[in-house]
Ligand SMILES: Nc1ncnc2c1ncn2[C@@H]1O[C@H](COP(=O)(O)OP(=O)(O)OP(=O)(O)O)[C@@H](O)[C@H]1O
Ligand SMILES: [Mg+2]
């Protein structure tokens, strides 16, 4: 398991003053964008505000425009219409170099992000560019490699690592830059179950430091549940947004966005279908509590004589 105590001990740079908490970090105002060769708009008047310290999950079916939105926010694509502001500053060719320094971005394809010959080189590359001392560089390399559980891979060549290991290494390189805004576009898609659980825990822990504003794109409902807000994107617009647990309980929305429900919710529905309703709970803890309450209050159907 990844141990967070070292991260807790780090005096992580707090982003903004306390009285600035909740200010918009990312504002997309009626943004439209057409990709080259396309006759239709990929983003179609999309508006979205993400506040400082907030973790927003973007979800939606393939081709709905999530990656396009992430690339626009990172200044890698230009909007045809509308405006994007980062920390209140409009994103334009003059401001992009400065704003990029605040943003850490991870894609699902880690091969595109490696520049070093080893993982350690790769993490060091970005740090050299911001002029850190050797001691601070080494401290950051070991701090973030440990956080991601890849300390044993620091001397490894990227070609000698699995896709999941590369994703963790790419995450370490991005976090080592200590950006205030993290854009994660299916950044944990190659991870196995255990590594993905760790990945979610890391993002969750980063959010709880209050230092990062996080936008993550995912098809993983368990990740969506952890976020502060879920934004469902469809045909280049925001279809729905709000508390993840509430949105994930809406079967029609999930079908429209082709999202599989979280395990606990599917379990509750299956119980209800068998005549044992315990309410709908997307959160596993709440589902277990409701199950216990139901078990203690009455005998479940079909088990009456044995238990009662
Ligand atoms: N480089 C490109 N050139 C032209 N069209 C593109 C390009 N990248 C994406 N598109 C088109 O833009 C639309 C939105 O793509 P985008 O990658 O933003 O979707 P997405 O929501 O991220 O999908 P996925 O879940 O598959 O990653 C799609 O119709 C896609 O075909
Ligand atoms: Mg995408």
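The values are calculated or read from the model by the stated rules, or taken from the named source; none is laboratory data. In this text, all values refer to a predicted model and were calculated from it rather than measured experimentally. Cβ coordinates were reconstructed from backbone atoms using ideal geometry, including for glycine residues, and neighbour counts include every protein chain displayed.
Here is a check on your reading of the model: is residue 93 in a loop (DSSP other than H, G, I, E, B), more than 16 Å from ligand 2 (Cβ to nearest atom) and surrounded by fewer than 22 Cβ atoms within 10 Å (Cβ to Cβ)? Yes: the conditions hold for residue 93.
Could we say that residue 121 is more than 20 Å from residue 76 (Cα to Cα) and either at pLDDT 90 or above or within 19 Å of the chain's Cα centre (by Cα) (or both) here?
Against the criterion (more than 20 Å from residue 76 (Cα to Cα) and either at pLDDT 90 or above or within 19 Å of the chain's Cα centre (by Cα) (or both)), residue 121 qualifies.
Filtering 158, 179 for residues that are under 26 Å from residue 52 (Cα atoms) and either crowded, with 18+ Cβ neighbours inside 10 Å or in contact with a strand residue (DSSP E or B) (Cβ under 6 Å, 6 or more places away or on another chain) (or both) leaves a single hit, 179.
Quick check, is residue 258 within 16 Å of ligand 1 (Cβ to nearest atom) and loosely packed, with under 15 Cβ neighbours inside 10 Å? Taking the combined requirement at face value, the residue satisfies it. Of all residues in segment 48-77, those that are more than 13 Å from residue 232 (Cα to Cα) have Cβ atoms under 8 Å from Cβ atoms of residues that are assigned to a helix (DSSP H, G or I) and near ligand 2 (Cβ under 9 Å from one of its atoms), 6 or more apart or on another chain, in 77/68.
For the residues 222, 270, 241, 235, the requirement of being farther than 26 Å from residue 47 by Cβ and either within 16 Å of ligand 2 (Cβ to nearest atom) or assigned by TED's automatic domain parsing to the domain that holds residue 178 (or both) singles out 222.
Given the criterion within 16 Å of ligand 1 (Cβ to nearest atom), within 23 Å of residue 221 (Cα to Cα), assigned by TED's automatic domain parsing to the domain that holds residue 22 and in contact with a strand residue (DSSP E or B) (Cβ under 7 Å, 6 or more places away or on another chain), identify the matching residue among 65, 82, 53. Going through 65, 82, 53 in turn, just one is within 16 Å of ligand 1 (Cβ to nearest atom), within 23 Å of residue 221 (Cα to Cα), assigned by TED's automatic domain parsing to the domain that holds residue 22 and in contact with a strand residue (DSSP E or B) (Cβ under 7 Å, 6 or more places away or on another chain): 65.
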